[in-house]
Amino acid sequence: MASTTLPISGSSPNLQQSQPAISTTPAFRAFLSRLSTTIRHTFAQRRPWSELIDRSSLSRPDSLSEAASRVRKNFSYFRVNYLSILTLILALSLLSHPFSLLLLLSLLSSWLFLYFFRPSDQPLVLFSRTFSDREVLAILSVLTIVIVFLTSVGSLLISALMIGLAIVCAHGAFRVPEDLFLDESEPVNSGLLSFLGGAASSAAAAAAPSVASRV
């Protein structure tokens, strides 16, 4: 009895022509690399927490101008520690509101994977419809406005930042900065906002090539 050989079908062309994952694109890898480098460099500049919570260095300022001067000096010295406090308060606020956290993560993921780091030669196709880059940008912009201003996400972020800034300003006003010494390479007036601006520009530089290719 002759044996029958069953033909083995090859893999379909759709499976063979698998599209590259977003996590393997050069822009996304560059973004992750620069982000990790920025985080390591940032936390390497933090001051000892024992200096931040030194109770012997706390005293009430004699005037409003003295309090403002203390806040400026302490911002320059403890900027990484203050940034960590703001991040912790923001994280705790989001964790206590899981729905707002889910909305915010979904929004950030949409911006990252559908616009910033989506390969420019791969159009977005949803429900058998192809969306151009301008349409994707418009849809994501509308979603951002709706989520931030028409849900609890915006008020939650603002309230968390206000609480964090109040704690930071209170500590900066009562912490006597006479025993604090800045490095000579650091500008005296480099406050928290300039530090955040430098970190944001560093992260944006990684996404710039991907965005420029869509213009």
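Things worth noting here:
- Output for the stretch 118-139, where each listed residue is in a helix (DSSP H, G or I) and surrounded by 15 or more Cβ atoms within 10 Å (Cβ to Cβ): Asp133, Val136, Leu137, Ile139
- Within the stretch 44-58, restricting attention to residues that are part of a helix (DSSP H, G or I) and either modelled with pLDDT under 75 or over 20 Å from the mean Cα position of the chain (by Cα) (or both), the residue that is surrounded by the most Cβ atoms within 10 Å (Cβ to Cβ) is Leu52.
- Within the stretch 133-148, none of the residues are within 25 Å of Ala91 (Cβ to Cβ) and at pLDDT below 85.
- Where Pro61 falls short, out of the listed (1) in a helix (DSSP H, G or I); (2) open to solvent by less than 50 Å² (accessible area, probe 1.4 Å): (1)
- Failed condition for Leu114, given (1) surrounded by 17 or more Cβ atoms within 10 Å (Cβ to Cβ); (2) of a type in the set (A, V, I, L, M); (3) at pLDDT 90 or above: (3)
- Residues being out of contact with any helix residue (DSSP H, G or I) (no Cβ under 8 Å at 6 or more places or on another chain) and either part of a helix (DSSP H, G or I) or surrounded by 14 or more Cβ atoms within 10 Å (Cβ to Cβ) (or both) - total across the stretch 93-110: 6
- Filter pass, Arg70 being of a type in the set (Lys, Arg), open to solvent by less than 80 Å² (accessible area, probe 1.4 Å) and not in a helix (DSSP H, G or I): no
- Residue in the stretch 172-191 that is open to solvent by 70 Å² or more (accessible area, probe 1.4 Å), in a helix (DSSP H, G or I) and modelled with pLDDT of 90 or more present: yes
The values are calculated or read from the model by the stated rules, or taken from the named source; none is laboratory data. Model, not experiment: these values are computed from the prediction. Glycine also receives a Cβ, built like all others from the backbone with ideal geometry; neighbour counts cover every protein chain displayed. These area figures cover heavy atoms from the full protein model, side chains too; ligands, DNA and RNA do not enter into them. Shrake-Rupley method; radii C 1.70, N 1.55, O 1.52, S 1.80 Å.
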